[in-house]
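Worksheet: the structure to be examined is printed underneath.
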Amino acid sequence: MYWQTTRFQIDLSAPKVMGIVNVTPDSFSDGGHHDSTTAALRHGELLLRDGADILDIGGESTRPGAPPVGLAEELARVVPVVKEAVKLGVPVSVDTYKPQVMQAVLDLGADIINDVWALRWRDAQGLADATRVVAAHPSCGVCLMHMHLEPQIMQVQPMQGDVVPQVLSFLQLSAQTLCGLGVEKTRIVLDPGIGFGKTVAQNFALLARQSELLAAGYLLLAGWSRKSSLAGMTAHADQGEKLAPHERLAPSLAAALCAVQQGASVVRVHDVKETVQVLKVLEAIRSTQLTPMDSQGHTAS
């Protein structure tokens, strides 16, 4: 129960919280809030004080319909932040699909590559190969996510049918391909890709049946934080009064809790402090269930 990364062997016997640091002007939830090196690092430090176990730094929004960001621009956003973040003494993940960005941040000491394309993306010339970049590194961690189609059209043409076996098959194949290149299984974590080309019903099916994805034989990461599917579960959603991203704390916490109960080892979130508190309550409950009590409710010696 651990995730092998560049500098850290992350113990996943208890769930870990990955805090989101978006260095972007257009992310769906907090775009423009931390889009400078100073602001991003300050936010990362706040997340660590709130209890984050991992920082996930991203320089390009992959929300539905988001326009792609050029290589030079993404490097300019991400590299200065990663260069300083690796000094904070915690695992640093970078949310990118571009092989050149992966190589640059790994050269700086980044611990994890978090890729929504599951290492499938190729540049216009087909020259850059993300799989080879990760496979060539001796120990970096990698999160392979399922995405249907691509951000520009994934919600226009969402998946059809029962998504759970389709997502499982894709993730199994992606992981097996990487292992075939010599990457140790302990370096790989899988993400079902909530909101990436799925309907609301399909997203909740993935949550309800998330434990089935464990059949792939890898640990799981869940990213439900502030997702639009949660906005439809509110009192007046049927009248068009859906919660804005910053108003989705309660449903985000409920989804994170359910994801952990269904076997997720890592939850990727915006609201770190509250998520940590929820998981501490869950851990207290689990600990109590495992500890013998006497008839008065005291811990048995």
In segment 170-188, what residues are open to solvent by 70 Å² or more (accessible area, probe 1.4 Å) and either in contact with a His (Cβ under 6 Å, 6 or more places away or on another chain) or farther than 29 Å from Asp11 by Cβ (or both)?
-> none
Which numbered condition Arg226 misses (of (1) in contact with a Lys or Arg (Cβ under 8 Å, 6 or more places away or on another chain); (2) at negative phi; (3) open to solvent by 20 Å² or more (accessible area, probe 1.4 Å); (4) part of a loop (DSSP other than H, G, I, E, B)) | (2)
When segment 129-145 is checked residue by residue, the ones that are open to solvent by 10 Å² or more (accessible area, probe 1.4 Å), in a loop (DSSP other than H, G, I, E, B) and at pLDDT 95 or above are His137, Pro138, Ser139
Considering each residue of segment 130-166, count those that are in contact with a Gly (Cβ under 7 Å, 6 or more places away or on another chain) and either within 24 Å of Ile10 (Cβ to Cβ) or among the aliphatic types (A, V, I, L, M) (or both), and give that number.
-> 7
Return yes when Asp107 is closer than 26 Å to Cys179 by Cβ and touching a residue at least 60 places away in the same chain (Cβ under 8 Å) and no when it is not.
-> no
If you go through segment 75-95 one residue at a time, do you hit one that is over 27 Å from Ile10 (Cα atoms) and surrounded by fewer than 24 Cβ atoms within 10 Å (Cβ to Cβ)?
-> yes
Scope segment 25-54; condition crowded, with 22+ Cβ neighbours inside 10 Å and modelled with pLDDT under 80; matching residues = Ser27, His34
Entirely in segment 1-105, the strands (runs of 3 or more DSSP E) that have 1 or more residues that are of a type in the set (A, V, I, L, M) | 9-11, 16-22, 54-58, 92-95
Under 9 Å between Cβ atoms, at least 6 apart or on separate chains: pull out the pairs that start in segment 163-175 with a residue that is free of Cβ contacts under 8 Å to residues at least 40 places away in the same chain and end on any residue that is buried (at least 22 other Cβ atoms within 10 Å of the Cβ).
-> Gln166/His146
Determine whether Val167 is open to solvent by less than 10 Å² (accessible area, probe 1.4 Å), within 22 Å of Asp271 (Cα to Cα) and either among the charged types (D, E, K, R) or at pLDDT 95 or above (or both).
-> no
Between a first residue in segment 261-286 that is at pLDDT 95 or above and a second residue that is of a type in the set (Phe, Trp, Tyr) and assigned to a strand (DSSP E or B), which pairs have beta carbons less than 8 Å apart while being 6 or more apart in sequence or on different chains?
-> Ser265/Trp3; Val266/Trp3
Here the residues within segment 190-222 that are surrounded by 24 or more Cβ atoms within 10 Å (Cβ to Cβ) and in a strand (DSSP E or B) are Leu190, Asp191, Leu220, Leu221, Ala222
Among the residues of segment 74-95, is any modelled with pLDDT under 95 and under 17 Å from the mean Cα position of the chain (by Cα)?
-> no
Consider only pairs whose beta carbons are under 7 Å apart and that are at least six residues apart or on different chains; among these, list those whose first residue lies in segment 40-61 and is over 7 Å from Val21 (Cβ atoms) and whose second residue is open to solvent by 10 Å² or more (accessible area, probe 1.4 Å) and assigned to a helix (DSSP H, G or I).
-> Leu41/Glu84; Asp50/Lys273; Asp50/Val276; Gly51/Lys273; Gly51/Val276; Gly59/Arg77
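The values are calculated or read from the model by the stated rules, or taken from the named source; none is laboratory data. The model shown is predicted, which means the values in this text are computed figures rather than measured ones. Note: ideal-geometry Cβ built from the backbone for every residue, glycine included; neighbour counts use all protein chains shown. To get the accessible areas, we keep the full protein, side chains included, count just its heavy atoms, and leave off ligands, DNA and RNA. Shrake-Rupley method; radii C 1.70, N 1.55, O 1.52, S 1.80 Å.
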